[in-house]
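For reference, the structure discussed in these notes is given below.
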Amino acid sequence: MCYSCQLLLEEPGVEGRRKRQRSRALIVGLAGPGSPAALYLAPAGVGKLLLADDDALHISNLQRQIFFRSHKVCQPKARLAQHQLQSINPHVEYIALEQWMDSKSSGTGAIRAA
């Protein structure tokens, strides 16, 4: 959608903001796609953001993890993301899950410990 089209949209209003505050999102993996997704969802005002990643930050993949910094290498990405996003929007509830989704959970959405 072009910017001029966005200007024509009505504001979400009070009810729209309430719905967004009640919403929640799970980001599985904070590498390439997960980093920008988190950076868009946090300022948008999602009520709860769960950040799942069982890996620590490595210097070799900083180029695609846009909100991590080199001085945080070897720390858990889920916890780093939680702290970084809290500084962007402190009104969102962030939950760092140093875990990964289990692909063998047959669609149940189970999370296993790393």
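Laboratory data are not the source of any read-out in this text; all were calculated from the coordinates shown. Being a predicted model, the structure only gives us computed values, none of them experimental. Methodologically, a virtual Cβ is constructed for each residue, glycine included, from the backbone with ideal geometry; neighbour enumeration extends over all protein chains shown.
Across all directions, the average projected area of the convex hull around the alpha carbons of the range 12-100 is 5.3 nm². Label separation (I66 vs I88): 0.9 nm, computed from points 7 Å beyond Cα along the C-beta direction.
Suppose R0 equals 25 Å. What FRET efficiency, 1/(1 + (r/R0)^6) with r the Cβ-Cβ distance, do R22 and I95 give to the nearest 0.05?
Numbers: r = 16 Å, r/R0 = 0.62.
It comes to 0.95.
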